[in-house]
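Peer 1: Here it is: the structure, laid out below.
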């Protein structure tokens, strides 16, 4: 179990939520239970899912809640764009908020990748860089090709490949 308040991504998401609550105060009263509420809930959901994931046991559960938080961040970005297009939010507030959401999403992605690497390493699955994965796949493909070329139609080894005594 982790303390969610120690996560930098939670701190950024929390600050963004407070900022958006203040920005949405100026939205039309008629939109209080529509777009205003959706923006506030999506923003609050990012931090809430991180907190809930940190309260669970194990990296796999935390990773699941990080993915849910990523979905909430994407939803929030959509609501902000709609607010701008409907002229409920000014261009400068939109740009600053959208940039903050993008930053949070990037941090969530990095956290998820770290959790997956940790989980894979704990399960004995080697953690490879992309270049190492490509190299390993290439080596496997070469071995399979050599094996296919050395076997006959019934899986027999070609005469040229047999050892002579």
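Peer 1: Would a scan of segment 34-51 turn up a residue that is at pLDDT below 90 and either more than 13 Å from residue 69 (Cβ to Cβ) or not assigned by TED's automatic domain parsing to the domain that holds residue 79 (or both)?
Peer 2: Within segment 34-51 (the criterion being at pLDDT below 90 and either more than 13 Å from residue 69 (Cβ to Cβ) or not assigned by TED's automatic domain parsing to the domain that holds residue 79 (or both)), the answer is yes, since at least one residue qualifies.
Peer 1: Just checking, which of 75, 87, 25 is in the same structural domain as residue 117 (by TED's automatic domain parsing), surrounded by fewer than 21 Cβ atoms within 10 Å (Cβ to Cβ), farther than 20 Å from residue 117 by Cβ and modelled with pLDDT of 95 or more?
Peer 2: It is 75.
Peer 1: Determine whether segment 105-113 contains at least one residue that is under 22 Å from residue 34 (Cα atoms), modelled with pLDDT of 95 or more, in contact with a helix residue (DSSP H, G or I) (Cβ under 8 Å, 6 or more places away or on another chain) and assigned to a helix (DSSP H, G or I).
Peer 2: Scanning segment 105-113, I find no residue that is under 22 Å from residue 34 (Cα atoms), modelled with pLDDT of 95 or more, in contact with a helix residue (DSSP H, G or I) (Cβ under 8 Å, 6 or more places away or on another chain) and assigned to a helix (DSSP H, G or I), so the answer is no.
Peer 1: Next up: Does residue 102 fit the bill of being touching a helix residue (DSSP H, G or I) at 6+ places or on another chain (Cβ under 9 Å), assigned to a helix (DSSP H, G or I), at pLDDT 85 or above and surrounded by 11 or more Cβ atoms within 10 Å (Cβ to Cβ)?
Peer 2: It is true that residue 102 is touching a helix residue (DSSP H, G or I) at 6+ places or on another chain (Cβ under 9 Å), assigned to a helix (DSSP H, G or I), at pLDDT 85 or above and surrounded by 11 or more Cβ atoms within 10 Å (Cβ to Cβ).
The values are calculated or read from the model by the stated rules, or taken from the named source; none is laboratory data. A quick note: this is a predicted structure, and the numbers were derived from the prediction, not measured. Using ideal geometry, Cβ is built from the backbone for each residue, glycine included, and neighbour counts are taken over all protein chains shown.
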